[in-house]
Amino acid sequence: MLEEIKNAAAYINKIISGSPDTCIILGSGLGNLTSKIDILNSISYSDIPHFPISTVKGHKGNLIYGLLGGKEVLAFQGRFHYYEGYPMEQVVFPIRILKFLGIKNVILSNAAGGVNPSFSVGDVMVITDHINLFAENPLRGKNYDELGPRFPDMSEPYDKNLIALAKSQANELKIKTQSGVYLGTSGPTYETPAEYRFMKAIGADAVGMSTVPEVIIAKHMGMRCFALSVITDMGGSDDVEEVSHDIVLHVANEVEPKLTLLLEGMLKNMPL
Ligand code: HPA
């Protein structure tokens, strides 16, 4: 496993010339941010040794290296979901590679269902914390001491400084944001009304099928994490709205420019 991670990282390191600090992982219908990147290299997932291949509509399979807001970044255009059937080790494989590329900040986006009834479709939520309800923890099994500790601390899963930077940029750019707790679930079913009530009761503001495994792995390796949800449908109100992947992609696509603007502003103002 570690050898595979190192091989994949060595392949990428040979192609990219610089040393980016930040990696961005883009969610369903949110891959367009890469159009704002001055691309220096684009690497197809299929060329990276041991790399899984993405299967879901709305996800492209490229690792982009370039400049965003004047800063070097890596961007994964498409990610691997547990519901697709990948073992957790594969879901988090791209994140583990980052350790050997010298990445310090991991920024993630996702589409999510609104649990907090005060949210609306199209809202952008800054994730301040998460609840892990995935069927499996990605760190279950042998611990790689070279990557991080057996029992990693999770007292600050989302970096407070990056959250503050997002809030100040959102203010400056007049982008309205919500803040809240993201509940990660295995999927692929969307939630029943009873599940939505349960999620609300245990303190979730939004629910989705990604991000949590990646953040756990990034934190395990000591990286700073920041994540945004686009609320694509509302389950938290009295009537749970019917939802489909097409609706999720449609709303995500509509909100995407706001998200891109915010992330670009954050990168511009990120300390080197
Ligand atoms: N539930 C889970 N994942 C989602 C949802 C949802 O309602 N919307 C977008 N991703």
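The values are calculated or read from the model by the stated rules, or taken from the named source; none is laboratory data. Every value quoted in this text rests on a predicted model; they were computed, and no experiment measured them. Note that each Cβ is placed from the backbone with ideal geometry, even for glycine, and that neighbours are counted across all protein chains shown. We work out accessible area using only protein heavy atoms, side chains counted, and drop any ligands, DNA or RNA first. Shrake-Rupley method; radii C 1.70, N 1.55, O 1.52, S 1.80 Å.
Below are the figures for this structure:
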{"item": "Residue selected from region 120-137 under the condition among the hydrophobic types (A, V, I, L, M, F, W, C) and at pLDDT below 95, by the criterion farthest from the ligand (Cβ to nearest atom)", "result": "Ala135"}
{"item": "Residue that is modelled with the lowest pLDDT, among those in region 1-41 that are open to solvent by 30 Å² or more (accessible area, probe 1.4 Å) and touching a Pro at 6+ places or on another chain (Cβ under 9 Å)", "result": "Asn32"}
{"item": "Residues located in region 46-73, provided they are touching a strand residue (DSSP E or B) at 6+ places or on another chain (Cβ under 7 Å) and at pLDDT below 90", "result": "Lys60, Gly61, Asn62"}
{"item": "Residue satisfying condition, being within 13 Å of the ligand (Cβ to nearest atom) and in contact with a Gly (Cβ under 6 Å, 6 or more places away or on another chain), within set Leu267, Leu249", "result": "Leu249"}
{"item": "Filter result for Lys71 (of a type in the set (Lys, Arg) and open to solvent by 50 Å² or more (accessible area, probe 1.4 Å))", "result": "no"}
{"item": "Selected residue (only one of Gly141, Gly113, Gly102 is within 16 Å of the ligand (Cβ to nearest atom) and small (Gly, Ala, Ser))", "result": "Gly113"}
{"item": "Flag for Thr260 being away from the ligand (no atom under 14 Å from the Cβ), at pLDDT below 95 and either β-branched (Val, Ile, Thr) or over 23 Å from Ile107 (Cα atoms) (or both)", "result": "yes"}
{"item": "In region 66-82, the residues that are within 21 Å of Ile217 (Cβ to Cβ) and assigned to a strand (DSSP E or B)", "result": "Val73, Leu74, Ala75, Phe76, Gln77"}
{"item": "Enumeration of residues in region 139-197 that are over 30 Å from Asn269 (Cα atoms), among the polar types (S, T, N, Q) and buried (at least 18 other Cβ atoms within 10 Å of the Cβ)", "result": "Thr185"}
{"item": "Unmet requirement for Gly85, which otherwise passes all of (1) at pLDDT 95 or above; (2) away from the ligand (no atom under 16 Å from the Cβ)", "result": "(1)"}
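Table: residues versus (1) of a type in the set (S, T, N, Q); (2) within 24 Å of Lys219 (Cα to Cα); (3) in contact (Cβ under 8 Å) with a residue 24 or more places away in the chain.
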{"position": "Ala9", "(1), (2), (3)": "no, yes, yes"}
{"position": "Asn13", "(1), (2), (3)": "yes, yes, yes"}
{"position": "Asp21", "(1), (2), (3)": "no, yes, yes"}
{"position": "Ile25", "(1), (2), (3)": "no, yes, yes"}
{"position": "Ser28", "(1), (2), (3)": "yes, yes, yes"}
{"position": "Ile39", "(1), (2), (3)": "no, no, yes"}
{"position": "Tyr45", "(1), (2), (3)": "no, yes, yes"}
{"position": "His50", "(1), (2), (3)": "no, yes, yes"}
